[in-house]
Each structure stands twice: as structure tokens, then as C-alpha cells.
Amino acid sequence: MTTDHAIPAEDLAIDVRDLTVAYREKPVLWDVDLQIPDGVLMAIVGPNGAGKTTFIKSVLGLNTPAAGSVLVHGKPYQKNRSQVAYVPQRGSVDWDFPTNVLDVVTMGVYGTIGWFRRPGAAPKAQAIKALAEVGMESLADRQISELSGGQQQRVFLARALVQDADIYLMDEPFQGVDATTERAIVELLRALRERGKTVVVVHHDLQTVPEYFDHVLLLNVRRIAAGPVEDVFTEENLRATYGGRVAFVSALMARKGE
Amino acid sequence: MDILTELFTDYTLRTVALGAALLGISAGALGCFALLRRQSLLGDAISHAALPGIALAFLLTGSKSSLVLILGAGAVGWFGSVLIAALTRRTPITYDTALGILLSVFFGVGLVMLTFIQRMPDANQAGLDSFLFGQAAALMQRDIYVILAIGSVILLLTVAFWKEFKLISFDPDMAETLGLPVRALEHLLTGLFVAAIVIGLQTVGVVLMSALIVAPAAAARQWTNRLGVMVLLAAVFGAVSGVSGAVSSSMAPNLPTGPVIVVVVSMIVGASLLFAPNRGFVFRKIREWKSGRALRVDAVLVDLYTLASQHASADYPHSEQVLNVMSSMSGTAKRTLHLLKTLELAQPIDDQRWSLTPAGEERARRVIEEHYGGGA
Amino acid sequence: MALVGCSSPQESERGQISPDNPLRVVATTSLVADLVSQIGGAFVDVEGLMGPGVDPHLYKASEGDVSLMTRADLIFYNGMHLEGKMVDIFEQMHSRGAEVHAVTAGVEESELIASDQFTGSLDPHIWFDPVLWKRAAVMVGETLAGTDSLHAEYYRNEAARFGGELDSLFAWAAGEMASIPEGNRVLITSHDAFGYFGRAFDMEVRGLQGISTALEAGTADVSDLAEFVASSRIPAMFVESSISPRGIEAVREAVRARGFDVQIGGTLYGDALGSSGTAEASYVGMFRSNVATIVSGLSANVQ
């Protein structure tokens, strides 16, 4: 999947052109081009500080690019909000907040409830359904401060699922979860793809990229390479992305060959 | 009770208690959101920033009416909060640095202005510095109307925007992706904050106001895990502090009301931090101690069982010294053995040796299974 | 009358004091400033630190004030902790050899009123008894004479003249004050500044705050005072120019809630004189104004 301008913007889940984001005059993302078609399960990988979270946030309109554009199904995010759901990093909230699991998931539909109204039976039912999809419905009343890391991640996932979006953007959902939860998340991602959704995931573990994802973006401030995993996830590209950490990359390639 | 009837019959006590209670309710409720957003000290900064606002209002209008001074305090306090947000957003300055700068600079300017007013030839400027520590005893009915009006607006808006305030306190990024006008909501919340603070300036003054914002909320957090209950509880704590302060101050001459209110709310926070179930310090220590004890009990039981398993029967006795050697825990097994005796899980055979009781054996078996798995 | 032979060391440096080269004097309160001006006349240039309406109990000296005092020939203050926050500065100035004088030093201990709130503490508001203020005038005259011996006679004469004015003032005031009916002879003010006045003119006095405004009035203070006013049916209370009126206003509301309509009889000049340019900018003018206000306020129909 190279920069292919032949596909019309509306059929692209996400269309990024010349995206440059700077933080205090230092570039965090530089001149990134990327077209993500519908229905892929894509990983974004890169070293620390590569701009992966910034990239996700640019799609969501959470920062102001210095240059370039990001379109979601042909329109800026603000016009197509209902089509995108966001799963932020677990560490981005304080889990000691006084609220329970059901409440957090219900927050996902606050956008539809409108001002001055309480969440009624319908949003709550949607939330329970989403919790069931991640296997957490029995913990609906649990205080979020009592959850394990894996449970916290599932709550965030349920909160995204309840929005019934077409595109899911996730930031390191596998970070610090137990093996069972990791398997469950992978199952969920695949199920989403079956349903025709597009899933873009910032991923920290290179070893599992070929196993979990069909597309990948290699990012280090600039776009190094992007496309189907079997085409793009090469030793050369990895070295270009991660710098000369030869041993680590070679080991990875050896594994891939298994 | 004598003092209770006085609360309703004595005009001054009634008025001061009512004003202080209303203040405690608004400050307590809003303080919860400040606490959860890690902005507890914002209350302190805004209170101190209000001082030049009071001076400015007097300089511009020549009036010392409550309403005028409250508006002045509110306007400059609000401006201060906007400045903090701008500083944090646009410069490398961190939030608490911005708070510190704003607090000291504005307060200093306020003091200079008050001194300047003091020197003015016009003999009408007396009494502005009563805003430093408040003059609760001088609350009058007309002040209560103003406080009631502002307080009602605060509570109304808090209820109306409840879910939005909850969301922007928990996950502002999420709120933004959902399309909520996060910036505007934050301004609204800060505005309510400023309003609660300026109500309190007459009662407890600039210097002490921050205590009423932070303390009731911090105390309430200790007792509940539900936001609604927390806000309610904080309001109650605030009201109780206000009324207690007024009542205490009325029982003895020369007891200033504002500081007494702050003393009461501090006691409430102290008690909550120590004694609240689950989160309180005392309870956590007890839980830790209990679980440490359970660990030691299980460890010695397992040791006894393991030792005995190398002999014919499970109740084969072993001496305390052997147990000490086996144990990886610090200290001797002596106390734990006596505890086991009390729990009837082990018994002394003679003055040196101990063996498992059937119950002890049962429990040891269970522990081993739980911790070391059913098969090797 | 022979010229006094010796001159003080200061004088020889300063040169001869005259209206073109007056003594530089710093005074704290407007009352002290007025006193010194009356007695020193053209030979003194008095700089007052606290303007009209300034509360001396809370006043903190600024850098500007300190440098003024350093360059002054004489510093006069009330004393007895009236200028509560400046005590350290006076001590500092004194230890540097400056001429720092408390005008209350001229008053005998036996004539002072002890405060019933603080043991060992004395009420500093002596100027409300013209008899005692006369003593302060004499003291100021003597101090000026000691510093500027050339005009010693002048100062002493002025002190005596002013003393005479105070005597007539006292007589006039006594006559006025006597007209207040027996049941109304209670003076209620913002703080306990009028103890000496009450003693001199046979009035009971009660202040909301104590002898220092640094103490905040508590709910009990407001309530107790209101109870007293209502039950004694005092027709008027008075606010003070240098203190926020809110305290007394709160007392009035509390009294009204008890069913008695007490008035605020007017503004008294408590710890400071009135605005410059008005009659109340001088001691005599201020005193007359106070007496008139009090008499008219308390001469209402006896209940």
C-alpha cells in the first residue's frame, strides 16, 4: 500500500497528507503520508518518541498540525466523529477516580445523550452489551480503582465498542496486560475486522506484529514504510526505523522466519 | 439544648451560621472537582488573586458594598485563572509553577494597592483589609441574599452539567473526541469555582479560603467511591464546619469565626485520613498487620507439615529451633506457634516440640495446594 | 530674658532653626501631627505618616516612612502600643541615636486606664481626655525646647496657649455632654477607643472590637453587644472613620431583630483626624464634631 492517490478519499478510512506536527519548534511528525483503506488491521510501530501517539491524536483532532491534513472517510474528524472510536493509553487517566466500570463505559455514549440529560436505560443497556463483548459484564459495579491492568484495558475497549464506530484507533492496548487479556484483545481485533471495521493500533511489541496484524506503518518522525506486513516488515525497514540495533533486529528476523 | 435553640433564635448566630453553611456547601461541592482534576491549589491561587480585585473595585467605584467588592474579586480572580491556563498551555512553565507565580504576584500587588488606599487622603477607605481574614461575625441578612443567589446558581449548574464535568475530570481527551466543548466546559467549571471562592471572602477571608475548597473534598474522598456521594458528603462537611465555626465563635468572646471554621474542617480531614474504612491510615495498617500475620501462620504451618511429611505421621513433632532454621521469615516462630495453639492448628507436645493438629494439617494441605498448584 | 547659652550638638550642625530652616519632624498619627504643628508653629515642618482614616493599630511602616524617619530631627508617636506594628522600628531608630519620643510619656501612670482584656495592657487612646492631651502638649513643648533651645520660650508659650484652648474645649464639651439624658449615657463604638472620653464625661463606653482593631470580632461579641443595646434601649450607636462600618451595621441588624430600632448616630473620629481642609482636620475641630454627633445621637427621646 504505497501512496496511491487513485483511491478516492471517501473509500479511505484515513487519508493523511504531508502531516507535520511540531512541539515547541521540534518536529514530532514530519511530512507523513499515509492512506489506510477500510477493513485493515494495522499496527503502528517505532521507537520511543517516534510520534506514534501524536499520529493517533492528529487523526482525532486532538492536536494542531503545523502542516498537512488528515481526513476520515473524506472529511475532517470533527465532521465524522461518530465513525471513529478511540482507546487511549491506560496511563492517560487516574484510575483512582470515584466511579465504576459501567459508568466509564457509558461515557462512550455521552456524545449522543445531549445536554442536561441523564444516561437512561438505553445507553446503559448498550454499555452492558459492550462489557459482555469483552467479558466484563459481571464486573459492571466494580470500582475502577480495584481493577487489574488487563481489566482496565478491557473497560477502555468496551468504552470504544459501545460507540459502534467504523474505525478504531488504539494506543498500546497490549501494554502491561496478562496473557489471557492479550488473547482476548487479539480475538476482539479479529472479530472487528470480520465485521468490516478498520482497526489501527499503536503497538509496542515487534515480535507479535506479523502474527496479529495484516498491515503496518513503520514510523520514526517520518514515515519509513507502510503497507502489508509481508511486504513492509523487512529487516532493512526495521533497521531504518530503529537505527542500527543490529542484533535485536536480526533476532527478530530470525524469529519471523520460523 | 441551649445552643441549638440559640442557633434559631439569635439573629447574629443564625445569620453567620447560615452564611457559613452556604459557603461550606458550595466550596465543598466544587472542591471535589478541583481535587479530582488535581487542581486543589487553584483555589488558593484564585483567593489570593482576588485581593487586587477588591482593591480595584473600591478604587474604581468608591463603594464598599458587598456586591461591588464581590464582582471585583470575581473578575480579577477569573482573570487570574485564565492567565494560569494560558501560561501552562503556551509556555514550558508547569502548572504548579504558574499557580505559585500568580498567587504571589497578584497577592503582592493587592497588598501594595491596599497600602496605597490606606494613604489616600479620603477618609472612607477603612476596612478593606478585613478581606484578608474575613469578618464572618459581620455577615448581615443582605449578604446572605447575595450568597444564597450565587450559591444556588453554582449548585444548579453543577447538577445540570454533572456528566460533562465528570467526563472532563476523568478523561478530557475522550471528551474532546466525543465532540464536547472541553475548553468551554473547563472555563465554566473554573467560573463556578471563582464564584464559590468570592462568596467565602467575606466569611473566612482570602488567606483561609483555600482550606474550605480542599479540605471537605479530601475528607469526603476517604469515605466513598461514588462521585455523587463524594460531592454530597463534601457539601455536608463544609456546612458542618461552617455552622460549628459560627456556633463555637458565639460561645466565647473574642473567638474569630473564620479561623475557627478552618480549624473544624481541618479536624474533619484529619479524622477522615486516619479513620475512614478502607482508605484510612489506621485501617490500612490494621489490614497490613492482619495479612502479615496470616502469612506467618501459613508459613509455619506449611513448615510443620513439610517436616512431618518426612516421617510416618502428619503430627510428628518438631522443635521450635528446627522451625526457626526452616523459616525464611525474620524473627522466631515462637509467637506464631502460640498463635497456632490459640487457633487450635498446632499443639505443644512438650516444652520444646510442636506438632500439627488435624485441623492444622487440613489447613496446611489446603495452603500448599493453593500456592504450589495441584501437581508438581 | 537671657538667651540660653549652650546649644545642643544637633543645633550646631543643623544651623539655626527658623521658618526657612524648620525642624524636620515625623509624626505617626494625624493627632500627634496636629499636636506638634500647634505647638511648633512655623519652626517645625511636620510630616505625618498616617493619613486621615488610617487605622494606627494595623499600620505597617514602609521603606519610604523609614527613610523619612532617618532624616528627621525628631520623631513623635503616640506610644502605649497604639502603633502596634511599629514598635520594632521605634526601637531600631532609638538605638541608632535618633530622637524618638512618645507623647504619652507626659501622662502619669495613675491617670491611665487599664484594659480589662489584656492584663498589663493600658488603653492608649488618651487624647480623648483633653486634660491628658494637655499633658502631652506640655511634653511636646519641652521636647521641642530641648532640641531647639533658641525658641524654647516660644514652644512653651504655645504649649500653654494650646493647653488653654483644651481647657475651654473641655468646659464646653462637659456642658454639652451633660445634656444627654441619664438613660442614654452609653457610648457604643466600633472599638474601645473612647475609654478616656467616657471617664472624662461620665459615660459608659462599649466597643465592638477591643482596644486594638487587630482582634476580629466574633459572633458572641456582636450578639452580646446587640443584646445589651436592645435591653438598655440605647437610641444610637456610632461608627468610626478609620474602621469598616460593617461590624456596627451587623450589630444594628441584630438589635433590630430583637425588636428595637437603634440608629447609627453618625461617624466619630476615632484613631484619626478628618480629611485635610475640613474643620475636623484639627484636634479641636475633630473633638467638637465628635461631641456634637454624640449629643445629637443620644439625645433622642428617653425610652
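The values are calculated or read from the model by the stated rules, or taken from the named source; none is laboratory data. Small disclaimer: the values here were computed from a predicted structure and weren't measured. When we count neighbours, we look across all protein chains shown, and the Cβ atoms used for this are built from the backbone with ideal geometry, even at glycine.
Which of the residues that make up the stretch A:45-86 are among the aliphatic types (A, V, I, L, M) and at pLDDT 90 or above? Walk me through it before giving the result.
First, pick out the residues of the stretch A:45-86 that are among the aliphatic types (A, V, I, L, M): A:45, A:50, A:56, A:59-60, A:62, A:66-67, A:70-72, A:84-85.
Answer for the stretch A:45-86, where residues must be among the aliphatic types (A, V, I, L, M) and at pLDDT 90 or above: A:Val45, A:Ile56, A:Val59, A:Leu60, A:Leu62, A:Ala66, A:Ala67, A:Val70, A:Leu71, A:Val72, A:Val84, A:Ala85.
Scan the stretch B:61-77 residue by residue and report those that are modelled with pLDDT under 90, in a helix (DSSP H, G or I) and either within 28 Å of the chain's Cα centre (by Cα) or more than 24 Å from B:Leu148 (Cβ to Cβ) (or both).
Within the stretch B:61-77, B:Ile70 is the sole residue that qualifies.
If we keep just the residues of the stretch C:222-273 that are under 21 Å from B:Leu128 (Cβ atoms) and among the polar types (S, T, N, Q), which is modelled with the highest pLDDT?
C:Thr267
Listed residues B:Gly258, B:Gly228, B:Gly245; which is over 30 Å from B:Thr332 (Cα atoms), away from chain C (no Cβ under 14 Å) and modelled with pLDDT of 85 or more?
Going through B:Gly258, B:Gly228, B:Gly245 in turn, just one is over 30 Å from B:Thr332 (Cα atoms), away from chain C (no Cβ under 14 Å) and modelled with pLDDT of 85 or more: B:Gly228.
Looking at the stretch B:268-320, which of its residues are modelled with pLDDT of 90 or more and small (Gly, Ala, Ser)?
Result: B:Gly270, B:Ala271, B:Ser272, B:Ala276, B:Gly280.
Considering only residues that are within 11 Å of another protein chain (Cβ to nearest Cβ), part of a helix (DSSP H, G or I) and aliphatic (A, V, I, L, M), which ones fall in the stretch B:130-153?
Of all residues in the stretch B:130-153, those within 11 Å of another protein chain (Cβ to nearest Cβ) come to B:130-144.
Filter once more, so that each one left must be part of a helix (DSSP H, G or I): B:130-133, B:136-138, B:141-144.
B:Leu132, B:Ala136, B:Ala137, B:Ala138, B:Ile144 - these are the residues of the stretch B:130-153 that are within 11 Å of another protein chain (Cβ to nearest Cβ), part of a helix (DSSP H, G or I) and aliphatic (A, V, I, L, M).
Specify the residue that is farthest from the other protein chains (Cβ to nearest Cβ); the eligible residues are those in the stretch A:124-138 that are touching a residue at least 12 places away in the same chain (Cβ under 8 Å) and surrounded by fewer than 20 Cβ atoms within 10 Å (Cβ to Cβ).
To start, the set of residues in the stretch A:124-138 that are touching a residue at least 12 places away in the same chain (Cβ under 8 Å) comprises A:124, A:126-131, A:133-136.
Of the ones still in play, those that are also surrounded by fewer than 20 Cβ atoms within 10 Å (Cβ to Cβ) are A:124, A:128-129, A:133, A:135.
Working: A:Lys124: 13, A:Ile128: 18, A:Lys129: 19, A:Glu133: 19, A:Gly135: 22 Å.
Here the residue is A:Gly135.
Please enumerate the residues belonging to the stretch B:172-189 that are more than 9 Å from chain A (Cβ to nearest Cβ) and within 14 Å of A:Tyr110 (Cα to Cα). Before the answer, list the steps.
Residues of the stretch B:172-189 that are more than 9 Å from chain A (Cβ to nearest Cβ), as a first pass: B:172, B:181-189.
Scanning the stretch B:172-189 gives B:Pro172, B:Pro181, B:Val182.
Going by what's in this entry, would B:Val109 be described as assigned to a helix (DSSP H, G or I), out of contact with any Phe, Trp or Tyr (no Cβ under 9 Å at 6 or more places or on another chain) and surrounded by fewer than 16 Cβ atoms within 10 Å (Cβ to Cβ)? If you could, list the steps in order and put the result at the bottom.
Details: assigned to a helix (DSSP H, G or I): yes; out of contact with any Phe, Trp or Tyr (no Cβ under 9 Å at 6 or more places or on another chain): yes; surrounded by fewer than 16 Cβ atoms within 10 Å (Cβ to Cβ): no.
Taking the combined requirement at face value, the residue does not satisfy it.
Is there a residue being among the polar types (S, T, N, Q), within 14 Å of chain B (Cβ to nearest Cβ) and part of a helix (DSSP H, G or I) anywhere in the stretch C:213-221?
The answer is yes; a qualifying residue exists.
Residue check, A:Ala191 against (1) surrounded by 17 or more Cβ atoms within 10 Å (Cβ to Cβ); (2) at pLDDT 90 or above; (3) in a helix (DSSP H, G or I), all met but one. Which one?
(1)
Of all residues in the stretch C:152-208, which are among the hydroxyl-bearing types (Ser, Thr, Tyr), surrounded by fewer than 18 Cβ atoms within 10 Å (Cβ to Cβ) and within 23 Å of C:Gly266 (Cα to Cα)?
Passing the criteria: only C:Ser179.
If we keep just the residues of the stretch A:102-119 that are in contact with a helix residue (DSSP H, G or I) (Cβ under 8 Å, 6 or more places away or on another chain) and of a type in the set (Gly, Ala, Ser), which is nearest to the other protein chains (Cβ to nearest Cβ)?
That would be A:Gly111.
Which of the residues spanning the stretch C:173-195 are among the hydroxyl-bearing types (Ser, Thr, Tyr) and under 17 Å from the mean Cα position of the chain (by Cα)?
Across the stretch C:173-195, the qualifying residues are C:Thr189, C:Ser190.
What do you reckon, is B:Leu156 assigned to a helix (DSSP H, G or I), touching a helix residue (DSSP H, G or I) at 6+ places or on another chain (Cβ under 8 Å) and more than 10 Å from chain A (Cβ to nearest Cβ)?
No, not satisfied.
Got a number for residues in the stretch B:183-231 being buried (at least 24 other Cβ atoms within 10 Å of the Cβ) and outside any helix (DSSP H, G or I)?
Residues that pass the stated criteria total 3.
Within the group B:Ser244, B:Ser248, B:Ser266, which residue is in contact (Cβ under 8 Å) with a residue 40 or more places away in the chain, among the small types (Gly, Ala, Ser) and assigned to a helix (DSSP H, G or I)?
B:Ser266
Any idea which of (1) under 18 Å from the mean Cα position of the chain (by Cα); (2) under 28 Å from A:Asp103 (Cα atoms) is the one B:Leu189 doesn't satisfy?
(1)
Between residues in the stretch B:229-241 that are in contact (Cβ under 8 Å) with a residue 60 or more places away in the chain and farther than 8 Å from B:Val265 by Cα and residues that are polar (S, T, N, Q) and in a helix (DSSP H, G or I), which pairs lie under 9 Å by C-beta distance while being six or more apart or on different chains?
B:Val231/B:Thr158; B:Ala235/B:Ser26
Can you tell me how many residues within the stretch C:253-293 are over 21 Å from the mean Cα position of the chain (by Cα) and not aliphatic (A, V, I, L, M)? Steps first, answer last, please.
Going residue by residue through the stretch C:253-293, those that are over 21 Å from the mean Cα position of the chain (by Cα) are C:253-264.
Keeping just the survivors that are not aliphatic (A, V, I, L, M) gives C:253, C:256, C:258-261, C:263.
Looking only at that region, the number is 7.
Of all residues in the stretch C:161-196, which are touching a Pro at 6+ places or on another chain (Cβ under 8 Å) and not in a helix (DSSP H, G or I)?
C:Ser190
Restricted to the stretch A:46-71, and to residues that are out of contact with any helix residue (DSSP H, G or I) (no Cβ under 6 Å at 6 or more places or on another chain) and in a strand (DSSP E or B), which residue is surrounded by the most Cβ atoms within 10 Å (Cβ to Cβ)?
A:Gly68
Please go through (1) within 14 Å of another protein chain (Cβ to nearest Cβ); (2) assigned to a helix (DSSP H, G or I); (3) within 15 Å of B:Leu23 (Cβ to Cβ); (4) modelled with pLDDT under 90 for B:Ala234 and return the number of the only condition it doesn't satisfy.
The one condition B:Ala234 does not meet is (4).
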